[in-house]
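See below for the structure under consideration.
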Amino acid sequence: MNQHNLNLETFEQALQRISTYLTPTPLIPASGEFAEGKQVHLKLECLQPTGAFKLRGALNSLLQLTPAQRGLGVVCASTGNHARALAYAGQLLGVPVTVCMSELVPQQKVKAVKRAGANVEIVGRSQDDAQVRVNELCQSLGVVEVPPFDALATLVGQGTMVLELKAQLGRMPDTLFVPVSGGGLVAGVAACAKLINPNTRVIGVSMLRGAAMHASLQAGHPVEVEELETLADSLGGGIGLNNRYTFDITRQYVDELILLPEETIAEGMRAIFYDEQLAQEGAGATGYILARERPDLLGETNAIILSGRNVDPNQLMSVLKGELPYGGDL
Ligand SMILES: *Cc1c(COP(=O)(O)O)cnc(C)c1O
């Protein structure tokens with residue numbers, strides 16, 4: 001038990017709820033070389049439809065709405081993997097989804113969200129403007145917002161991957177490597193893991209360029225950081241100054257949160273491509289390369305979450321060629 005009344009049953013019920021719509025993602029032994037004698041397994045969340053784990057939280061949220069709420073539809077102000085996931089989940093369940101985005105969001109991202117089945121509303125010139133529109137829609141039409149990370153249904157949904165992983169491995173790993181942005185993924189994973197086995201270590205990983213959760217943990221409360229371009233673009237953005245869940249849960253359960261420079265993230269994308277023959281976006285590559293470069297963090301049995309594959313092919317090709325788009329100075 002803990003401050004948000006999360007218990008194992010919450011996660012088990014969520015897994016049951018979403019498993020009608022999602023097949024478990026594979027857990028495979030890593031082919032690449034890690035510290036000798038250590039077992040390393042990869043949880044392939046990048047193989048979810050829409051290319052990232054966020055479908056778990058989106059489905060868990062939509063499946064708990066009342067029929068009236070489902071009829072009215074839902075909104076969010078995301079530009080990335082959460083928007084795609086929500087659009088896809090909405091299509092699957094017949095729930096209308098509206099995604100508010102600013103004029104500055106690249107066309108290719110707008111198209112991806114439309115293709116996944118959402119209505120897109122272009123408003124203003126920043127993520128904050130898009131959020132203002134979301135709040136308006138909620139107040140005037142009574143639609144429900146499905147937040148990308150800071151909501152119990154979202155983070156519990158993300159945490160269901162731990163139950164799958166435990167069943168696939170036959171036990172809990174000693175150490176789990178998890179990428180961190182707003183913290184829905186790491187809060188859900190860490191809470192579920194520690195409820196099963198408090199000795200499981202959870203290592204969070206973000207990029208050096210603009211890691212809001214890390215800065216907030218250091219400050220002791222949620223703070224804003226300057227958003228910078230990074231290969232791990234899915235890890236950008238704030239945690240919300242009024243963060244209600246993920247900051248506390250991360251502070252309580254995550255053992256360490258480590259930051260990586262751009263060149264290390266690029267190295268991770270290359271290593272996963274060459275050694276595992278998988279395409280991974282920068283965010284998804286962080287845990288893998290951290291586990292490789294820091295053998296001191298490994299337990300006997302380890303699991304790394306490969307969180308997403310939505311990488312711009314041109315960016316992946318430049319990284320494979322050894323070019324470093326951002327932060328060569330870091
Ligand atoms: C959203 C996302 C993350 C981070 O998840 P949070 O819940 O925001 O911490 C990591 N990797 C990928 C690929 C993502 O889309």
Accessible area expressed per residue, the chain, with surrounding protein chains retained (probe 1.4 Å, Å²)
42 Å²
The Kirkwood hydrodynamic radius of the chain, taken as the inverse of the mean 1/r over all distinct Cα pairs, in Å, comes to 19.7 Å
For the range 24-142, what value does the Rg/Rh ratio take when both radii are computed over Cα atoms and Rh is the Kirkwood radius, given to two decimals?
1.11
Charge dipole magnitude, Cβ of K and R +1, D and E -1 - the chain, Cα centre, debye nearest 20:
1060 debye
Of all DSSP beta bridges in the chain, antiparallel share, percent nearest 5
10 percent
ALA279: net charge of surrounding residues, Cβ under 14 Å, Lys/Arg +1, Asp/Glu -1, itself excluded?
-3
Roughly how many percent of the accessible protein surface of the range 189-330 is carbon and sulfur, given a 1.4 Å probe and a whole-percent answer?
44 percent
Looks like the range 1-58, by Cα gyration tensor root eigenvalues a ≥ b ≥ c and the a/c under 1.5 rounded cutoff (else prolate when a/b is bigger than b/c, oblate otherwise), is oblate
Ranked highest first by the average count of other Cβ atoms within 10 Å around their residues, in what order do 27-35, 9-17 fall?
9-17, 27-35
With a length cut of 24 Å (Cα positions projected on each helix's long axis) and a Kyte-Doolittle mean of at least -0.5, go through the chain and give me the DSSP H helices that pass.
152-169
Give me the accessible area of MET317, 1.4 Å probe, in Å² rounded to the nearest 10.
100 Å²
Can you give the relative contact order of the chain as a percent, counting alpha carbon pairs under 8 Å and 6+ residues apart?
20 percent
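The values are calculated or read from the model by the stated rules, or taken from the named source; none is laboratory data. Bear in mind that the values here come from a model prediction, so they are computed numbers and not experimental data. Counting neighbours? That spans all protein chains shown, and the Cβs are built from the backbone with ideal geometry, glycine included. Each accessible area value is taken on the protein alone, full model and side chains, heavy atoms only, with ligands, DNA and RNA left out. Shrake-Rupley method; radii C 1.70, N 1.55, O 1.52, S 1.80 Å.
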